[in-house]
Amino acid sequence: MGQKIRPVNTVFSLRFKAPGGYHRPMITVHMEPKRSTLTFPRLNTVLQLLGRLGLRTNDALIIRGDELLTPDRRLHYGDTITVRLVMSRG
């Protein structure tokens, strides 16, 4: 009778137990051709990612695995995204 019932998140857990405590999973972004890696704790869409990077819609290809992503596509925690700049440097 004295037990508390905790709600269960049936979709996914936002926090994972790490050796040092709790942390939020990040979205990892690999920039090409700069060969740099960035991490973002909170992004929802490809358009938000482009905004954080200071890029416009047609400035880069956004790739997740073998799939090209359009600006309206959602990003998920733990995603590894490749941003390949396609701007002419002429």
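All of the numbers you see were taken from the coordinates with simple rules; none came from a lab. Every value quoted in this text rests on a predicted model; they were computed, and no experiment measured them. Virtual Cβ from ideal backbone geometry, glycine too; neighbours counted across all protein chains shown.
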Subject >> For Tyr77, distant residues with modelled amide H under 5 Å away >> reply: none
Original post:
Working out 0.36 nm times the residue gap between Thr82 and Glu67, then minus their Cα-Cα distance, what length gain in nm do you get to one decimal?
Top reply: 4.4 nm
Original post:
For Arg74 and Thr37, what is the calculated FRET efficiency with R₀ set at 22 Å and r taken between the beta-carbons, to the nearest 0.05?
Top reply: 0.55
Subject >> Cβ-based charge dipole, region 21-85, positive-most Cα from Pro41, Thr82, Thr57 >> reply: Pro41
Subject >> region 21-85 - share of DSSP beta bridges that are antiparallel (%, nearest 5) >> reply: 70
Subject >> Cα-based Rg and Dmax for region 21-85, where Dmax is the largest Cα-Cα distance (Å) >> reply: 11.3, 40
